[in-house]
Amino acid sequence: MFKKYLAMLFCVASVFALNACSSDADQTALVEDGSAVDVGLDADGALTVGDPNAQETFNGPAELKENNTIYFAYNSENIQDQYLGIMQSHAQYLKSNPDARLIVEGHTDERGTPEYNIALGERRARSVARYMQNLGVDVNQLSIVSYGEEKPDVDGHNEAAWSKNRRAVLNY
Amino acid sequence: MFRRLIMAFAALAFIGSANAELKIEITGGINEGHRIAVYQFAQDPNVKFDVASVVAADLMRSGKFAPLSRNNLPQGGVVNGSIDVEKAALSSAEFVVGGIVKSLGNNIYNIEFQLVGLQGANKGKVLAHFGGRTSLATMRQASHRVSDRIYEAVTGQRGCFRTRIAYIVQKRNSKFPYQLMTADYDGYNEVAVVKSTQPIMTPAWSPDGKRIAYVSFEKRKSAIFVQDIVTKKRKILAEFSGLNSSPSWSPDGTKIAMTLSKNGQPDIFYFDLAQGRFVQVTANRAIDTEPTWSADSKALFFTSERGGKAQIYKKDLVSGKVERVTYQGARNLSAKQIPGTNSLVVITQVNGFRVARVDADGSIYMLTTSTLDESPSVAPNGSMVIYSTVYQGRKGLALVSSDGRFKANLPSSAGEISSPAWGPLLSK
């Protein structure tokens with residue numbers, strides 16, 4: 001089993017090296033998995049993906065840590081006025097730190113289907129990114145990702161949880 | 001009714017005492033199928049496994065049968081695998097099943113059964129029979145095979161008791177909280193395929209049952225992978241900028257449809273496996289997503305907001321024509337064609353999100369009364385729909401028959417379960 005694991009790691013590492021030589025950013029169409037992500041085999045034979053010891057943290061400046069979430073109304077990507085200040089402070093930081101890169105994560109509540117929600121989450125992330133651009137942030141400093149309903153902030157199957165889960169999170 | 005329900009529970013509890021992660025709680029329709037008397041098989045004492053109870057549970061879950069409680073069956077209806085029609089008919093069942101499991105030595109067993117009619121013109125007729133060899137390890141599969149034969153003899157449809165399902169388990173406190181699993185359709189023989197620190201979505205079976213396409217967020221963005229479920233080797237199918245979501249394998253195995261937003265908004269594409277290229281199917285400013293294939297692999301159903309709110313549309317890939325399919329309900333999502341019919345199963349928004357069936361004439365029938373249903377997947381014989389819902393405060397799987405009469409929840413002992421995908425019919 002251990003041997004197999006090593007062989008697999010080697011395979012992943014060598015393919016990664018190949019892909020790293022290619023300049024196309026969009027790796028597609030049934031290529032070998034060239035991920036830089038940790039890949040292994042569990043005792044039960046399952047493929048394991050990711051580093052379980054990696055902490056999910058806020059990678060931006062400490063002063064913006066508690067000030068990085070924008071909440072949305074149900075099925076809406078409209079940014080409410082009360083969150084404009086949050087975006088302005090992040091825009092200010094990005095403009096004074098041109099090497100900083102912002103990732104806008106879009107999330108939804110659990111209602112509706114996962115595949116529809118991931119599209120809705122992207123619309124929320126895009127809406128925030130567009131606003132940041134309007135505030136003068138360089139488009140190259142911005143990227144978006146939608147997690148749809150897959151990463152709720154609050155567990156629960158009621159409006160109290162849902163209202164906290166319909167959100168965009170600004171991370172770096 | 002209530003008494004019968006309790007007995008059904010007692011019978012099922014006996015079966016469920018093995019290490020299955022998925023149990024079953026019947027919540028409706030238990031009395032509505034064919035009444036069938038499944039007698040305990042005459043078994044070699046080495047066989048501790050109760051074949052007849054697995055068969056009865058299969059038949060009940062299909063929604064087409066109402067197996068009588070074993071305790072209520074007339075004495076002497078089946079003796080040592082031989083059926084006494086007159087005695088068995090006292091049960092008022094339509095059909096009787098009797099069988100025998102004999103040891104042939106060296107862990108080889110012969111399993112035999114007969115299905116005999118008890119009413120009207122069928123009275124005394126052998127409607128199905130089967131004999132075959134098995135081992136202790138494959139006794140459960142052999143029992144499902146008995147169920148398949150009975151199901152087909154009575155309904156005229158193939159049984160699908162030997163199919164697998166894929167689903168996502170979320171275990172909050174695990175090192176790898178997001179796990180893609182496969183299991184027999186009844187939850188036994190669970191196998192972990194992938195365990196990840198980041199979300200996994202939308203498992204989709206290849207029609208040969210050997211590979212699963214799925215969405216993984218392991219790189220802090222979405223990507224679609226295709227993985228061999230036995231060797232665990234995998235390849236990347238799509239990791240464009242933006243969404244890479246909702247993979248769906250064409251029934252003829254030649255294409256994988258998906259949603260990509262690389263052009264700025266979510267549109268439907270497919271990857272042609274023979275030609276090794278992507279083909280764009282829709283180009284619309286509104287959200288287009290959830291592509292699934294028609295049975296002939298020549299059209300795609302998808303969810304679109306082009307008309308305002310999300311509804312189901314169909315694109316004919318030969319003529320290029322797009323038509324709207326659903327009109328009733330505030331929103332309709334997640335269409336899946338029911339094999340062998342022109343009907344679709346959808347998630348419809350009416351007082352919450354429910355599983356519904358849309359027939360060819362556009363009429364819509366609610367199949368469930370819950371409010372947070374999602375990810376419906378239809379059994380390959382069209383008889384049942386598995387979906388995820390919130391039940392007693394937890395997300396888990398549930399079954400409903402395509403006619404809406406039979407309902408059951410499959411509460412899990414381990415974490416929240418979502419995204420069920422019913423695998424293909426394979427063995428004869």
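List the residues whose amide H sits under 5 Å from the amide H of B:L372, counting only those 5 or more places along or on another chain, with H placed 1.01 Å from N in the peptide plane.
Counting only residues 5 or more places away or on other chains, the set is B:F353, B:V390.
For the range A:43-49, take each phi angle, set θ = phi - 60°, evaluate the Karplus expression 6.51 cos²θ - 1.76 cosθ + 1.60, and give the result in whole Hz per residue in order, putting x for glycine and proline.
Karplus-based 3J(HN,Hα) across the range A:43-49 equals 4, 8, x, 6, 6, 9, 9 Hz.
Quick check on the exposure proxy: order B:I312, B:I224, A:I118 from fewest to most C-beta atoms within 10 angstrom.
With the sparsest Cβ surroundings first, the list reads B:I312, B:I224, A:I118.
Let me know the mean shielding of A:138-146 by other chains, meaning the per-residue number of their Cβ atoms within 10 Å of its Cβ. Write out the running numbers ahead of the final one.
On the way: counts 0, 0, 0, 0, 0, 4, 5, 8, 8.
Mean shielding count: 3.
Taking Cα centroids, how far is the range B:118-145 from the range A:75-121 in Å?
59
What percent does the relative contact order of chain B come to when contacts are Cα pairs within less than 8 Å and at least six residues apart? Write out the running numbers ahead of the final one.
On the way: 1101 pairs, mean separation 51.7, N = 428.
Reported relative contact order: 12 percent.
How high is the relative contact order of the range B:166-262, given as a whole-number percent (alpha carbon pairs under 8 Å, six or more residues apart)? Kindly include the intermediate steps, with their values, before the conclusion.
Working: 221 pairs, mean separation 17.6, N = 97.
18 percent.
Give me the compactness ratio for the protein assembly as shown, meaning the Cα radius of gyration over 2.2 N^0.38 Å.
Values: Rg = 26.1 Å, N = 600, 2.2 N^0.38 = 25.0 Å.
The reported ratio for this selection is 1.04.
Using Cβ counts within 10 Å as a stand-in for footprinting exposure, how do B:S222, A:S96, B:S418, B:S343 rank, fewest first? Walk me through the numbers on the way to the answer.
Numbers: B:S222 29, A:S96 8, B:S418 24, B:S343 19.
Fewest-to-most Cβ neighbours within 10 Å comes out as A:S96, B:S343, B:S418, B:S222.
Regarding chain B, what's the average projected area of the Cα-atom convex hull, expressed in nm²? Could you put the intermediate results ahead of the total?
Values: hull surface 88.7 nm².
Average of the hull's projected areas for chain B equals 22.2 nm².
Comparing B:R162, B:R211, B:R172, which has the greatest mean-square fluctuation in the GNM of chain B with Cα pairs linked when under 10 Å apart?
For chain B, modelled as a Gaussian network with Cα springs under 10 Å, the answer is B:R172.
What list do you get for B:S241, B:S363 if you sort them by fewest beta carbons within 10 Å? Numbers along the way, then the final one.
Values: B:S241 16, B:S363 10.
Exposure proxy ranking, most exposed first: B:S363, B:S241.
Would you mind checking which residues have amide H under 5 Å from B:L237's amide H? H placed 1.01 Å from N; only 5 or more apart, or other chain.
Residues meeting the amide H criterion: A:L30, B:I224, B:F225, B:V226.
Once you have all Cα-Cα distances for the range B:290-428, histogram them in 5 Å bins from zero and send the whole-percent values.
2, 11, 20, 23, 20, 13, 7, 3, 1, 0
If you count, for each residue, the other Cβ atoms within 10 Å and average over each peptide, how do A:63-69, A:125-131, B:278-284 line up from highest to lowest? Could you put the intermediate results ahead of the total?
Details: A:63-69: 13.6, A:125-131: 21.3, B:278-284: 15.7.
Descending packing order for the listed peptides: A:125-131, B:278-284, A:63-69.
Residue by residue, what Karplus-based ³J(HN,Hα) values in Hz, rounded to whole numbers, does the range B:342-354 have, using 6.51, -1.76 and 1.60 with θ = phi - 60° and x for Gly and Pro?
9, 9, 10, 9, 9, 9, 10, 9, 9, 6, x, 10, 10
Using each residue's phi in the range B:245-258, evaluate 6.51 cos²θ - 1.76 cosθ + 1.60 at θ = phi - 60° and report the 3J(HN,Hα) Karplus result to the nearest Hz, with x for Gly and Pro.
9, 6, x, 8, 8, 5, x, 7, x, 9, 9, 10, 7, 6
With a ≥ b ≥ c the root eigenvalues of the C-alpha gyration tensor of the range B:207-292, is it rounded (a/c under 1.5), prolate (a/b larger than b/c) or oblate?
Details: a/c = 2.14, a/b = 1.36, b/c = 1.58.
Here the range B:207-292 falls in the oblate category.
Could you work out, residue by residue across A:37-45, how many beta carbons of other chains sit within 10 Å of that residue's beta carbon, and then give the average as an integer? Each step should come with its number before you reach the end.
On the way: counts 7, 2, 5, 1, 1, 7, 1, 4, 5.
Mean partner shielding for this stretch: 4.
Measure up B:K123/B:K336; B:K235/B:K298; B:K233/B:K407; A:K65/B:K233; A:K65/B:K309; B:K48/B:K195 against 31 Å on the Cα-Cα distance and list the ones that go over. Intermediate results must be reported in sequence, preceding the final value.
Values: B:K123/B:K336 39 Å; B:K235/B:K298 26 Å; B:K233/B:K407 37 Å; A:K65/B:K233 39 Å; A:K65/B:K309 36 Å; B:K48/B:K195 34 Å.
Those over the limit are B:K123/B:K336; B:K233/B:K407; A:K65/B:K233; A:K65/B:K309; B:K48/B:K195.
Averaged over its residues, how many other protein chain Cβ atoms are within 10 Å of peptide A:117-126's Cβ atoms? Present the calculation step by step, with values, prior to reporting the outcome.
On the way: counts 4, 14, 15, 5, 1, 8, 5, 0, 1, 4.
The mean count of partner-chain Cβ atoms within 10 Å per residue comes to 6.
For chain B, set up a Gaussian network in which alpha carbons nearer than 10 Å are linked by springs, and say which option among B:N381, B:N342, B:N71 fluctuates the most.
B:N71
Is it possible to state the helix-based mean residue ellipticity at 222 nm for the protein assembly as shown, with each DSSP H run of 4+ residues giving -39500 (n - 2.57), the sum divided by total residues, to the nearest 500 deg cm²/dmol? What is it?
It lands at -6000 deg cm²/dmol.
In whole Å, how far is the Cα centre of the range B:224-268 from that of the range B:318-389?
Cα centroid to Cα centroid, the span is 22 Å.
Where a number appears in this text, it was derived from the coordinates with a stated rule and is not lab data. The shown structure was predicted, so the numbers you read here are calculated from the model rather than taken from an experiment. Every residue, glycine as well, gets a Cβ built from its backbone with ideal geometry; the counts of neighbours run over all protein chains shown.
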